[in-house]
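Asks: Sharing a structure with you now.
The values are calculated or read from the model by the stated rules, or taken from the named source; none is laboratory data. These numbers come from a predicted model, not from an experiment. Neighbour counts run over all protein chains shown; Cβ positions are idealised from the backbone, glycine included.
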Amino acid sequence: MRETIGLGQLRSNACTYLERVAAGENIDVVRRGKLVARIVSVGDWRVAPIPARSVEPVASDAGGWVGLDELRTRAGRCFDRVAAGETLSVVRGGRLLARIVPAGDAERTPIPADPSGGIELDELRKRAGRYFDEVAAGQTIEVIRGGKLVARIVSVA
């Protein structure tokens, strides 16, 4: 099963996730309840395809690259580019770590939430330890507030 993470998780633990991708895993990225991108492995680490800067603007669909620090600090902007159809190469120390590719149009639809399967935010506050033990065991917890899904808590292990 492919792991799904939120944008904040990626921002907080970018190195960990990119090391896992470099080892061959693929990770889906969710933003505002929608699958927006997939981070895919590039196989063996390679020299990054960093083009020389030119005065000619590059076509937006040509793809680009982003440094690890920029991915951490400007993740929202990076994923706006991916949502617009651009593929980004993630670079660290002159090495290509991963590619971030748009999720297919069919996969951009919101992930359906089953309110009966989730827990209310107040319940999470009261019994957080219990629920985080379940997450640590590999379960995903959906958090509901006002009848709407507001978060998914997923394991990063």
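Asks: If you check Arg145 against the conditions, is it more than 19 Å from Arg2 (Cβ to Cβ), out of contact with any Pro (no Cβ under 8 Å at 6 or more places or on another chain) and either of a type in the set (Phe, Trp, Tyr) or modelled with pLDDT under 75 (or both)?
Replies: Working: more than 19 Å from Arg2 (Cβ to Cβ): yes; out of contact with any Pro (no Cβ under 8 Å at 6 or more places or on another chain): yes; either of a type in the set (Phe, Trp, Tyr) or modelled with pLDDT under 75 (or both): yes.
Criteria met by Arg145.
Asks: Within the bounds of the stretch 119-142, is there any residue that is in a strand (DSSP E or B), closer than 30 Å to Cys78 by Cβ, charged (D, E, K, R) and at pLDDT 70 or above? Reasoning before the result, please.
Replies: To start, the set of residues in the stretch 119-142 that are in a strand (DSSP E or B) comprises 119-120, 141-142.
Narrowing further to those that are closer than 30 Å to Cys78 by Cβ: 141-142.
This time we only want the ones that are charged (D, E, K, R), so: 142.
With at pLDDT 70 or above added as a condition, the list becomes 142.
Scanning the stretch 119-142 turns up at least one residue that is in a strand (DSSP E or B), closer than 30 Å to Cys78 by Cβ, charged (D, E, K, R) and at pLDDT 70 or above.
Asks: Let me ask something else. For the structure I just gave you, tell me whether Gly76 is in the same structural domain as Leu7 (by TED's automatic domain parsing), over 14 Å from the mean Cα position of the chain (by Cα) and at pLDDT 50 or above.
Replies: Working: in the same structural domain as Leu7 (by TED's automatic domain parsing): yes; over 14 Å from the mean Cα position of the chain (by Cα): no; at pLDDT 50 or above: yes.
Judged against the criteria, Gly76 is not a match.
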